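The values are calculated or read from the model by the stated rules, or taken from the named source; none is laboratory data. Computed from a predicted model, the values in this text were never measured in an experiment. A quick note on method: Cβ atoms are made from the backbone with ideal geometry, for glycine too, and the neighbour counts reach across all protein chains shown.
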Amino acid sequence: MKILVPVKRVIDYNVKPRVKADGSGVDLDNVKMSMNPFDEIAVEEAIKQKEAGKAEEVVAVSIGPAKAQETLRTALAMGADRAILISTDETVEPLAVAKLLAKVVEEEAPQVVILGKQAIDDDSNQTGQMLGALLGWGQATFANTVEIDGDAATVAREIDGGLQTVKVNLPAIITVDLRLNEPRYATLPNIMKAKKKPMDTKSPDDYGVDITPRLKTLNVSEPPVRSAGIKVEDVDALVAKLKDMGVA
Amino acid sequence: MKTLVLVEHDNQSVKDATLAVVTAAAKLGEVHALVAGSGCDAVAQQAAKIAGVATVHVADDPAYANLLAENTAPLIADLMGSHDAFLAPATTTGKNIAPRVAALLDVMQISDILSVESANTFTRPIYAGNAIATVESADAKLVITVRGTAFDKAAAEGGSASLEAVSGAGDAGLSAFVSEEIAESERPELTSAKIIVSGGRALGSSEKFEEVITPLADKLGAGIGASRAAVDAGYVPNDYQVGQTGKIVAPEVYVAIGISGAIQHLAGMKDSKTIIAINKDEDAPIFQVADLGLVADLFDAVPELTGKL
């Protein structure tokens, strides 16, 4: 069995995004970029499944600029076997990403696609579900635990009130939530080895997919700023303030 | 414009998250609602009373009992033949189903909207709420999820919508519901609580979390939340998590205890009306957004506060 893991290059988790003064977007020049943290969890899960003997091959795929190669190399250093870069400098929305991934799935015929539930740049939380629809596959989103057994996967999902367990027939889409696992760090020897692992480079045209955006971003602005209030000296002062506010 | 709102429910009653979606939909045009479920007649009756809803479409079939996306999305996509916009709450249910609908309709979804600017223009948070994007859709139909805290709730009573039975293809045969562990609690749900008391990693253990946070929450009749650090450390279950990747809340009063105020946490609570922070680190970022701050050791201050309220 083969597992496909789509990964996205995004602003690093620890960097505070800055909105450009002209309102055209977020400034990404000279900003540290990394693999989307949810996708790291997805890569880790795929590798774990391989280590557990549930899969033979893990293929990582990324859609983005040439520099997304670095993100794919990270996935390879973690333990993915090979990588596909669909290279484009255009903005690719989740719907177009899902269409491209559907084509990759046709070619690669994986039994499971594991991906992050959302990317921390556009926070859309759409790609996995859209891919499920396009392929006509089942989807287990927001995975907290994953058990692959024969021709089905049993997945506990993080839902608003707690956990929901579903069983999806394979092939299926799994999108991962934060607590599924702790992604491993790539070791230096593995980073060296990853440089020799195969990476194909393609373009959206190779797959015949129109990636023209459907949404036009008219403006990007800073959110309203909350100003700091006052500090109270002690609990009594806090209680007094709370009483003033009618809370206590 | 004719809109279709996904009613979130547990086959017994309408969940509050639905009401804010009705308000957002009403800004676009006529509001129709969809109750998909199993043995969900009471929900349909209740949905018909929501102020502003014209028609409630009811799909009552065991296949829709747990609103599995594989079964529900095709039903919605069919109904979209006669509607112009589909709106779902940005809850785990809505987030699971809506993109599947969007892809079936070949529409780019607009996630987590904060406002309706015009019939095809909306604002939405990106980068964990560190930026707000105004986006315009070029698609013929709209598929939208709505951030509940950004819209007033429509009145749950006062409407008199007509009920209309609809049916879809039923079970797609791709997935099955196995079980659900829903935390049973007398406490208000986080997303609808008026007051929330939230604890962070500084609590140090699940015992201390319970010992310090719970009595204060009891005293205030508050919901209990937690930072991602506290959830990851195992002090409380994941459904307590407030933040970018957890629940987005906007109560009247948010009490942050031993929470430093990481960007990811602030993204989930900074729209609260009043924020109160108790933390022993006076430089903690939480104080930059707090209306009332107390620099103190939480293990002393919180029990004292609980005692004096």
Check whether at least one residue in region B:178-199 is within 24 Å of the chain's Cα centre (by Cα), at pLDDT 95 or above, buried (at least 17 other Cβ atoms within 10 Å of the Cβ) and more than 14 Å from chain A (Cβ to nearest Cβ), and report yes or no. yes
Across region B:122-141, the tally of residues that are over 21 Å from the mean Cα position of the chain (by Cα) and more than 7 Å from every other protein chain (Cβ to nearest Cβ) stands at 2
Flagged pairs (Cβ under 7 angstrom, 6 or more apart or on separate chains; first in region A:1-24, in a loop (DSSP other than H, G, I, E, B); second surrounded by 16 or more Cβ atoms within 10 Å (Cβ to Cβ) and acidic (Asp, Glu)) are A:Lys8/A:Asp39
- prompt: Would you say B:His57 is under 18 Å from B:Ala161 (Cα atoms), free of Cβ contacts under 8 Å to residues at least 40 places away in the same chain and in contact with a helix residue (DSSP H, G or I) (Cβ under 8 Å, 6 or more places away or on another chain)?
  reply: no
Residue within region B:170-183 that is out of contact with any strand residue (DSSP E or B) (no Cβ under 7 Å at 6 or more places or on another chain), touching a residue at least 60 places away in the same chain (Cβ under 8 Å) and small (Gly, Ala, Ser) present: yes
Expected output for region B:206-217 (first residue more than 13 Å from B:Phe299 (Cα to Cα), partner among the hydroxyl-bearing types (Ser, Thr, Tyr) and buried (at least 22 other Cβ atoms within 10 Å of the Cβ), Cβ below 9 Å, 6+ apart or cross-chain) is B:Ser206/B:Tyr235
Within region A:194-221, of all residues that are assigned to a helix (DSSP H, G or I) and among the charged types (D, E, K, R), the one nearest to the other protein chains (Cβ to nearest Cβ) is A:Asp205
- Message: So, B:Ile144, is that one in a strand (DSSP E or B) and within 21 Å of A:Lys99 (Cα to Cα) or not?
- Response: yes
Restricting region B:122-151 to residues that are more than 22 Å from A:Val10 (Cβ to Cβ), modelled with pLDDT under 95 and not hydrophobic (A, V, I, L, M, F, W, C), the one surrounded by the fewest Cβ atoms within 10 Å (Cβ to Cβ) turns out to be B:Thr149
A careful count of residues in region A:87-117 that are part of a helix (DSSP H, G or I) and either small (Gly, Ala, Ser) or touching a helix residue (DSSP H, G or I) at 6+ places or on another chain (Cβ under 8 Å) (or both) gives 12
Looking across region A:28-72 at residues that are of a type in the set (A, V, I, L, M, F, W, C) and part of a loop (DSSP other than H, G, I, E, B), the single one that is nearest to A:Pro204 (Cα to Cα) is A:Ala66
Per the list (1) of a type in the set (S, T, N, Q); (2) part of a loop (DSSP other than H, G, I, E, B); (3) under 24 Å from A:Pro65 (Cα atoms), residue check on A:Ser227 breaks on (3)
Across region B:147-177, the tally of residues that are more than 11 Å from every other protein chain (Cβ to nearest Cβ), touching a helix residue (DSSP H, G or I) at 6+ places or on another chain (Cβ under 7 Å) and assigned to a strand (DSSP E or B) stands at 1
Matching residues in region B:78-100 (under 15 Å from B:Val146 (Cα atoms) and more than 7 Å from chain A (Cβ to nearest Cβ)) number 10
